[in-house]
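The values are calculated or read from the model by the stated rules, or taken from the named source; none is laboratory data. Computed from a predicted structure; not experimentally measured. Because the Cβ atoms are built from the backbone with ideal geometry, glycine has one as well, and the counts that use them run over all protein chains shown.
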Amino acid sequence: MDDTVKKAFEISNFMSALAEQKRVLLEEYHQNSIYFFNGTVFKVDKELINFVKTLIDLGQDSFVLIDNNNTPVDIQNPKKFLQELLDKYFFASNAYNTKFQKLKSSRSVESLLDI
């Protein structure tokens, strides 16, 4: 096989592996962003965090939220709930960032698969 063709295959394999690893990391991030609370499930994102923070700032001592499965849940301790959302968000984001930085510095298919 010609060296040019061989190099093209190597680059193609690297780009495919890179795209797949990015997809896997993003899926892992989404999985890490799921928060289970009193039999309900929430996808923790900035919108949910901001909404809960706004309700707290408005003086709400408790409130009802609808989870991702359209189940209502009574939030009796909003500040604790917000802190748990923030903890989940930062855990997922930091894990994603750490692995993504490793991915960016990878220069071979083998190193991509080790992440």
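Tabulated results
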| item | result |
| --- | --- |
| Residue within segment 77-89 that is in contact with a helix residue (DSSP H, G or I) (Cβ under 9 Å, 6 or more places away or on another chain), surrounded by 11 or more Cβ atoms within 10 Å (Cβ to Cβ) and outside any helix (DSSP H, G or I) present | no |
| Total residues in segment 1-51, condition exposed (fewer than 14 other Cβ atoms within 10 Å of the Cβ), of a type in the set (A, V, I, L, M, F, W, C), under 17 Å from residue 104 (Cα atoms) and more than 16 Å from the chain's Cα centre (by Cα) | 3 |
| Of all residues making up segment 95-115, the number that are farther than 22 Å from residue 7 by Cβ, at pLDDT below 85 and among the charged types (D, E, K, R) | 1 |
| Some residue of segment 38-54 being part of a helix (DSSP H, G or I), in contact with a Pro (Cβ under 9 Å, 6 or more places away or on another chain), among the aliphatic types (A, V, I, L, M) and under 29 Å from residue 85 (Cα atoms) | yes |
| Residue that is nearest to residue 79 (Cα to Cα), among those in segment 55-67 that are aliphatic (A, V, I, L, M) and in a helix (DSSP H, G or I) | 56 |
| Residues that are in contact with a strand residue (DSSP E or B) (Cβ under 7 Å, 6 or more places away or on another chain), of a type in the set (S, T, N, Q) and surrounded by 12 or more Cβ atoms within 10 Å (Cβ to Cβ), drawn from segment 60-76 | 68, 71 |
| Residue tally, condition closer than 17 Å to residue 34 by Cβ, among the aromatic types (Phe, Trp, Tyr) and surrounded by fewer than 17 Cβ atoms within 10 Å (Cβ to Cβ), over segment 90-104 | 2 |
